[in-house]
1. Within the range 49-65, count every residue that is over 27 Å from His394 (Cβ atoms) and either touching a Lys or Arg at 6+ places or on another chain (Cβ under 9 Å) or assigned to a strand (DSSP E or B) (or both).
2. I'm trying to understand the selection: among the residues of the range 158-172, which are among the small types (Gly, Ala, Ser) and more than 19 Å from the chain's Cα centre (by Cα)?
3. Take the residues of the range 325-353 that are surrounded by 22 or more Cβ atoms within 10 Å (Cβ to Cβ) and of a type in the set (A, V, I, L, M): which is farthest from Ser244 (Cα to Cα)?
4. In the range 398-506, which helices (runs of 4 or more DSSP H) lie fully inside it and hold 2 or more residues that are touching a residue at least 40 places away in the same chain (Cβ under 8 Å) and hydrophobic (A, V, I, L, M, F, W, C)?
5. Please state which of the following conditions Glu376 fails to meet, knowing it meets all the rest: (1) under 30 Å from Arg115 (Cα atoms); (2) of a type in the set (Asp, Glu); (3) not assigned by TED's automatic domain parsing to the domain that holds Thr34.
6. Between a first residue in the range 116-136 that is more than 28 Å from Asn53 (Cβ to Cβ) and outside the structural domain of Tyr380 (by TED's automatic domain parsing) and a second residue that is of a type in the set (A, V, I, L, M) and surrounded by 11 or more Cβ atoms within 10 Å (Cβ to Cβ), which pairs have beta carbons less than 9 Å apart while being 6 or more apart in sequence or on different chains?
7. Within the range 71-91, which residues are at pLDDT 95 or above and either surrounded by fewer than 18 Cβ atoms within 10 Å (Cβ to Cβ) or more than 24 Å from Val395 (Cα to Cα) (or both)?
8. How many residues does the range 241-262 contain that are in contact with a helix residue (DSSP H, G or I) (Cβ under 7 Å, 6 or more places away or on another chain) and either closer than 24 Å to Glu339 by Cβ or assigned to a loop (DSSP other than H, G, I, E, B) (or both)?
Amino acid sequence: MRKTLIAVAIATMAYLTVTAQPAPNPAPDTSVITKPDKSVTKHSIKVDGKVINYTATAGTLLLKNEKDESVALFGYTAYVRDGEGDVSHRPLTFAYNGGPGSSSIWLHMGALGPRRVILNDPSPNPAPPHKLEDNEHSIIDVTDLVMIDPVGTGLSHPIGKATNKDFWGVDQDIKSMSQFITQYVKEYDRWNSPKYLLGESYGTTRSAGIASYLHDNMGIQLNGVVLVSVALDIHQLTFQDDISHIVYIPTYAATAWFHNKLANKPTDLEAFLKEVRDFAQGEYATALQKGDALSDAEKTQIATKLSEYTGLSKEYWIKANLRVPEPAFTQELLRDEHEMVGRLDARYKGINQDLLSEFSNDDPQSTQISPPYIAEFMSYYYGELKVNKNYSYHVSAYGAEGFKWDWHHAANGGEGFPAMPNTAVDLANVMSKNPNLKILVLNGYYDLATPFFGTEYTFAHMGLEKKIRSNITMKYYPAGHMMYIHTPSLIAFKKDVAAFIQENSK
């Protein structure tokens, strides 16, 4: 069971798991793209009532290592506002998704780029034709934008003597992404532009490492880092010990609240979640720490409260020894209705085809949104951006031959330590060396992949000096992992990110 839980937790890091994908992509055909190539097109969009003229560049950039050897063609899509004479005053944001093994299409077509996929959120989406429209909430009015696809995704692949394993790992990924950012800055003369990173899920794991690597090895100082659905301490998500159970309780409570599974549903969600946080880190944590020394009476008392907060029965909590991992919760909450809730966004529901199963093996949110996202992105990429149709864009690296991630992270001790990385240490390092670096943290209340209370716990245990703790700003949305698919949250997302970039670019 333990190995199963760890595998599920790692899969949760990607909002496209193997089972949530269409048929896996074949390994990239590196014979097709042998040298850098790009398509450059001109466009305009209206954002906040103002017309923005911009140039889109989609293609590949030649990546060289520290020995000046060509090692990869790195795929990207860049949006640069026209008419900006002095680009030193124009912010530049590098953005990517996570996985590891995911391309950037989700942030690209859901929140940041100039075109947006329209969903029937949070209900199932109809069959084609799907809908794509101008994204009036794009951030390209306040910053130029570079969407990056890591090696194995998009058009990115190794060349020369390099192989996939040179890029598929925590530290390998941090290094190659940092090299791409440096190469792009050099290629387009953006050394003095205010610079930002924006990553989601495992992309936040990546961002913390990149911020530190750029500062220590490339001499690039960032203005800010936007962390969307945080996964800095991955051990927290594996349910290998009690900390995972503690940090998940408030999200279980939010989910039960949303689906009306609470006997006495409070009217104020935020006040309710504050109460649950206090219980989780107080009475509940104390009970778990007692282990087998916990009396039957104490166990019943805690199980009763857990039932009141999460919608699962007292008996279920007692049978589970007060410890219900996320895949069990998503399967159990709506079992009586023959449904399951989503991991990435617990607002979503799906048909439960195995009512006897202990764990859910599907994520309704990912299953429901993937087809329209993929179809509309491909239409946009090859149609409006006019990328050569002989080039195969890979939504993920899961279908690539030999895809296996190296989870060791040198900052955590490398080979001598367990394989679950914690790049919060990298973020603390760069924040201490660059005390002007600002961090914006975006959380979804219904995110069961990267729970908001776990994020709060991580930042409370980074050991930061008091004078730089105020550099961190937390925001919350009534949505899930990809909070931007919920239109009201997208509007708030844009407002929060735009204000953060504008404030820290002065």
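1. 4
2. If the condition is that a residue be among the small types (Gly, Ala, Ser) and more than 19 Å from the chain's Cα centre (by Cα), then Gly160, Ala162 are the ones that fit.
3. Met340
4. The helices (runs of 4 or more DSSP H) meeting that bar are 424-433, 452-460, 487-503.
5. (3)
6. Final answer for the pair search is none.
7. Matches in the range 71-91: Arg81, Asp82, Arg90, Pro91.
8. Number satisfying all stated conditions: 11.
The values are calculated or read from the model by the stated rules, or taken from the named source; none is laboratory data. Small disclaimer: the values here were computed from a predicted structure and weren't measured. Note that each Cβ is placed from the backbone with ideal geometry, even for glycine, and that neighbours are counted across all protein chains shown.
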